[in-house]
Structure formats: C-alpha cells, structure tokens
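Engineer: Below is the structure I would like to discuss, written out as structure tokens.
The values are calculated or read from the model by the stated rules, or taken from the named source; none is laboratory data. Model, not experiment: these values are computed from the prediction. Note: ideal-geometry Cβ built from the backbone for every residue, glycine included; neighbour counts use all protein chains shown.
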Amino acid sequence: MKFTPRSESTRQFIIETCAPVFNQKGFAGTSITDLEKVTKLSKGSIYGNFENKDAVAIAVFEYNLENKLGLIRRWEDRAATLKGKLLAHIHIHYPNAETLFTAGGCPIQNTAIEADDTHEILREKAAAGLIRWQKGMEKLIQEGISAGEFYMDTNPSETALHIISLIEGAAMTAKLTKDMSLAVTLLAIAEKTVEAISK
C-alpha cells in the first residue's frame, strides 16, 4: 500500500527544517530526537508524513540538491557569455562568495562520502545529482564551442569532470585543513582550466 503523507505542507516544513541537520550530521549521525528538536514536532507527526528516517533523508537530499543546482543556475543567469556562465560554477564555491548553500557544504559530496558503502539509495541519489551537474556543465561547454567562445578541440565531458573534481576537491580540502587558502588555490586552477579552453 502506497504511503500517503498526512499533510503536504507539514511534510515540506519537515524537509526544509531538517535540511541543514542531515547535511551537517549525515544520515547515521541524525537521530529522530534531532528531528523532533529542530522541527518541534512529535515523532508521530514526523512519521505521519514520512514512512521512516530513510524517507526523510532522501527527501532532504533531493531538496538540498535542488537548492545547490538552482543557485548555480541563478549565478549562470547573471553572466552574459557562456564562458562567464561556466566560471559561475567555480565562483559560487569561493569561501567569500555570499551563497545560500545549506549549512554543511555540498550535499553531493557530504552524501557521497557517507553513503558510498552504507546507504545504496542515497548513494544513487548523490551519483545522479553529480551526473546532472556534469551534464549541465557539458552542455554549457558544447554551446560555447558552437558559439566560438571555446576551442573546437575541447572535450566537454573531460573538461566538466575536471572542473567539478577541482571544485569538490577544494571543498574537501577546506573542510579537512580549515585552510581556506588551499581551497582558493584549487578553485583558481579550475578557473585556469576555463581560460585554457577559451579563445
């Protein structure tokens, strides 16, 4: 029998309120008590809108992912050129960028690190999110080649993967070392990657 939430508005409230908790503490580190505390709802109210903690975590990840990708698209929209749109993917990740990412950092990276061997559904969701990001970047690069902004011999797939790897590497390095200058260095290398394919 298909699960039906008691209230779509309450369900959405739970997702939005719990988003920072899961992104910071992870699936295993987040308890139902944490969810009760942050939402000020009872366990019965939470599970009246979700089958279990797994269902909350999956919905929260999808919410956090859409926030990240939506913010990237808004930064893209500010740029007048395809090169500028591609650079927006990098600029939004600088430590001093005034972005609205959920507390805890990149939900793709956070979920991938925790779920790779412990939660297959979340791993699949994180993998799909990464591929969506990559494909969106590939499309920008291909459009830039067609428009004459990028060199014809540019490989969109390899370039997108290289840039994303540098961005995610910057986030991981900053978290581990607490040295933001190392993140800036990696993001600057990502910018040089864009400059290298630009005419």
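Engineer: Regarding segment 118-131, can at least one residue be identified that is at pLDDT below 90 and either under 30 Å from residue 199 (Cβ atoms) or not in a helix (DSSP H, G or I) (or both)? Even if it seems obvious, please write down each step before you answer.
Structural biologist: Residues of segment 118-131 that are at pLDDT below 90, as a first pass: 118-119.
From the residues that got through so far, the ones that are either under 30 Å from residue 199 (Cβ atoms) or not in a helix (DSSP H, G or I) (or both) too are 118-119.
Yes, segment 118-131 contains a residue that is at pLDDT below 90 and either under 30 Å from residue 199 (Cβ atoms) or not in a helix (DSSP H, G or I) (or both).
Engineer: Scan segment 20-61 residue by residue and report those that are part of a loop (DSSP other than H, G, I, E, B), in contact with a helix residue (DSSP H, G or I) (Cβ under 9 Å, 6 or more places away or on another chain) and either in contact (Cβ under 8 Å) with a residue 24 or more places away in the chain or of a type in the set (Gly, Ala, Ser) (or both).
Structural biologist: 30, 31, 41, 42, 48, 49, 50
Engineer: Can I ask one more? Residue by residue through segment 137-161, note down the ones that are surrounded by fewer than 16 Cβ atoms within 10 Å (Cβ to Cβ) and not polar (S, T, N, Q).
Structural biologist: 139, 143, 147, 148, 151, 152, 153, 158, 161
Engineer: Out of segment 150-172, which residues are of a type in the set (Gly, Ala, Ser) and touching a residue at least 60 places away in the same chain (Cβ under 8 Å)?
Structural biologist: Listed by number, the residues that qualify are 170, 171.
Engineer: Return yes or no: is residue 175 touching a residue at least 60 places away in the same chain (Cβ under 8 Å) and out of contact with any helix residue (DSSP H, G or I) (no Cβ under 8 Å at 6 or more places or on another chain)?
Structural biologist: Spelling it out, residue 175 is indeed touching a residue at least 60 places away in the same chain (Cβ under 8 Å) and out of contact with any helix residue (DSSP H, G or I) (no Cβ under 8 Å at 6 or more places or on another chain).
Engineer: Out of all the residues in segment 5-36, which are surrounded by 14 or more Cβ atoms within 10 Å (Cβ to Cβ), small (Gly, Ala, Ser) and over 10 Å from residue 59 (Cβ atoms)?
Structural biologist: Listed by number, the list holds a single entry, 26.
Engineer: List the pairs whose first member sits in segment 122-134 and is in contact (Cβ under 8 Å) with a residue 40 or more places away in the chain, whose second member is among the acidic types (Asp, Glu), and whose Cβ atoms are under 8 Å apart, counting only residues at least 6 apart or on separate chains?
Structural biologist: 122/114; 125/62
Engineer: Could I ask something else about it? Modelled with pLDDT of 95 or more, over 25 Å from residue 62 (Cβ atoms) and in a helix (DSSP H, G or I) - does that describe any residue in segment 160-183?
Structural biologist: Yes, segment 160-183 has at least one match.
Engineer: Mind telling me which of the residues 35, 41, 71 ends up being touching a Phe, Trp or Tyr at 6+ places or on another chain (Cβ under 8 Å) and modelled with pLDDT under 95?
Structural biologist: Checking each option against the conditions leaves just 71.
Engineer: I need a count of the residues in segment 37-59 that are loosely packed, with under 15 Cβ neighbours inside 10 Å and either touching an Asp or Glu at 6+ places or on another chain (Cβ under 8 Å) or of a type in the set (Lys, Arg) (or both).
Structural biologist: So the count comes out to 4.
Engineer: Of 123, 132, which residue is within 29 Å of residue 53 (Cα to Cα), charged (D, E, K, R) and crowded, with 16+ Cβ neighbours inside 10 Å? Outline the logic, then answer.
Structural biologist: Values: 132 fails: crowded, with 16+ Cβ neighbours inside 10 Å.
Of 123, 132, the one residue that is within 29 Å of residue 53 (Cα to Cα), charged (D, E, K, R) and crowded, with 16+ Cβ neighbours inside 10 Å is 123.
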